[in-house]
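A.B. asks: My questions will all concern the structure given below.
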Amino acid sequence: MKYKKIFILFLFLISITFSSCAFKNNKKTDESNSVSDINSNLTLNNKKEKKPKGEPYLVGVAPDDYNMDYDTSRLKSLNEKKSKFYPKDGVKGIYFNPYSANDPKSLKKIVNLIDSTKLNTVVIDVKDDWGNITCDFKSNDKDIKYATDKIIDAKDFISKMHSKGIYVIARITTFKDSVMSEKHPDWGFKLNDGSLLVNGLGESFVNPYMDEVRNYNLKIAELAANAGFDEIQFDYVRFAEGFENMGDNLYYSKGKWENLKMKDGDKRVNAITSFVKDAREVLQDYDTPCGVDVFGYSMQVGRADGIGQDFKEISNQADVMSSMIYPSHWGFYAFDIAKPDLEPYELVKRYLKEEQKEFSEIEHKPQSRPWIQDFTASWIGSGNYMEYDKEAVEAQIKAIYDSGQNEFLLWNSASKYTKDVDY
């Protein structure tokens, strides 16, 4: 009996101890919530509200929680992050060159095109293919100031688009950035003679391994979300083409991946995939969807570790995937089509069939929104291309609808679109 009383007393003391711990944890949670409540009432520059981040559960609070990596950005789905301007019948958009958008006549022409058709969305460069930032976000960041070209007034442009019910996507050319590689040569990839690696057009890439590079692009995305863009779309989220064949002859930092026991291709894939995850988490604070552009062949090969793109891994992290499936950009006999540019319907249909299968095998299925072409690719040679007229554009769109999908984006670099297309 004596030992029984001692045992009961022992259990009682343990109970008090755990109750005290629970009280302290609850107090901490209450204090944390009060800060979140304050933050939730704040807005940045009276624009898009920044949401407080979620926090992982404390060990002991939830019995089944073992302090695992808690992905707070998965607290909301794409549907929960859609703005009120997200088209009910799906995004049907066009690329709008910011330099054209700055011209009143071109702007009126594009708005009239959207007004008179089923089109409902514009994609506009916030950071263009050279690295110029086209909007003045009034940032104090020295690098952002340096790259800003002040082509469009973001607030005014978004307001005009929204007044017409148009969904507005900000495109960010991510790791192809000649402006920053010139300003910060150490952000780029250097040859033996110390010069920067450039492509045939004189363009250069910055290093996805470097925190400075990654954070720079994330800052731009955050500024765009705060300015009111409905969605952020990251393009060139990759290493340069053929990097696997020249990486050993280049000088560059691998950052925190330097000493990891991984193959170089796996390091590149991990760097790119983790950037997309970081971007989605940053944009979660603004309830802004995160979209990614990829080469269509990334899906076909599955893992393009030369450029660092694993289709499934990136798709699992993105809210929206926009594969560039222009018929002109495929080699002979892609998808068993001898000359893909001559068969736009079959190319798009066969691509989407395979993409749907890939998406069915991942945990977080993104919205499929492929890029299709409204341009003529005469450079691929006589007999291999055709004029992309009304019928050719409509054939691609029909293939999308026939595949059970309802979203697409049309690309024309000069924003000159075919007349009288039934979208």
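The values are calculated or read from the model by the stated rules, or taken from the named source; none is laboratory data. Remember, predicted model here, so these are calculated numbers, not experimental data. As a convention, Cβ positions derive from the backbone with ideal geometry for all residues, glycine included, and neighbour counts pool all protein chains shown. With ligands, DNA and RNA removed, areas are computed over all heavy atoms of the protein, side chains included. Shrake-Rupley method; radii C 1.70, N 1.55, O 1.52, S 1.80 Å.
A.B. asks: Looking at the square roots a ≥ b ≥ c of the eigenvalues of the Cα gyration tensor of the range 206-347, which shape do they give, rounded for a/c under 1.5, prolate if a/b is larger than b/c, or oblate? Spell out each step's value before the answer.
C.D. replies: Numbers: a/c = 2.31, a/b = 1.20, b/c = 1.93.
Verdict is oblate for the range 206-347.
A.B. asks: Can you list the residues of the range 99-124 with backbone N under 12 Å from a point 7 Å past the Cα of LYS84, pointing along Cα to Cβ?
C.D. replies: Taking a point 7 Å out along Cα→Cβ of LYS84, no residue of the range 99-124 has its backbone N under 12 Å.
A.B. asks: Which percentage, to the nearest 5, of the DSSP beta bridges contained in the range 269-397 is antiparallel? Numbers along the way, then the final one.
C.D. replies: Values: 3 of 11 bridges.
In the range 269-397, approximately 25 percent of DSSP beta bridges are antiparallel ones.
A.B. asks: Still on this structure, please answer the following. Which aspartates and glutamates, if any, have their Cα less than 12 Å from the Cα of LYS398, not counting same-chain residues under 8 positions apart?
C.D. replies: Answer for LYS398, where 12 Å is the Cα cut-off: GLU346, GLU407, ASP422, listed by chain and number.
A.B. asks: In addition: Classify the range 136-263 as rounded, prolate or oblate from the Cα gyration tensor: take a ≥ b ≥ c as the square roots of its eigenvalues, call it rounded if a/c is under 1.5, otherwise prolate when a/b beats b/c and oblate if not. Write out the running numbers ahead of the final one.
C.D. replies: Details: a/c = 2.29, a/b = 2.10, b/c = 1.09.
Verdict is prolate for the range 136-263.
A.B. asks: Also: For the range 265-387, what number of Lys pairs, 8 or more residues apart or on separate chains, have alpha-carbon atoms under 28 Å from each other?
C.D. replies: Within the range 265-387, the lysine pair count is 20.
A.B. asks: Please give me, ordered by residue number, the GluC sites (Glu not before Pro) of the range 178-271 that lie in loop per DSSP and have at most 16 other Cβ atoms within 10 Å. Numbers along the way, then the final one.
C.D. replies: On the way: sites: GLU182, GLU203, GLU212, GLU222, GLU231, GLU241, GLU244, GLU258; in loops: GLU203, GLU241, GLU258.
Filter output for the range 178-271: GLU241, GLU258.
A.B. asks: Another one. How much length is gained on full extension from ILE362 to SER163, taking 0.36 nm per residue of separation minus their Cα-Cα distance?
C.D. replies: Extra length available between ILE362 and SER163 comes to 67.9 nm.
A.B. asks: Also, quick follow-up: Just order 378-385, 96-103 by mean Cβ neighbour count inside 10 Å, highest at the front, would you? Each step should come with its number before you reach the end.
C.D. replies: Details: 378-385: 11.9, 96-103: 18.4.
Those peptides, ordered most packed to least, come out 96-103, 378-385.
A.B. asks: Would you tell me the accessible area of HIS364, worked out with a 1.4 angstrom probe on the heavy atoms of the protein chains, in Å² to the nearest 10?
C.D. replies: We get 60 Å² for HIS364.
A.B. asks: Which of the residue pairs LYS88/LYS164; LYS138/LYS219; LYS219/LYS261 have a Cα-Cα distance greater than 23 Å in the structure shown? Intermediate values should be presented prior to the final figure.
C.D. replies: On the way: LYS88/LYS164 15 Å; LYS138/LYS219 12 Å; LYS219/LYS261 30 Å.
Over 23 Å Cα-Cα: LYS219/LYS261.
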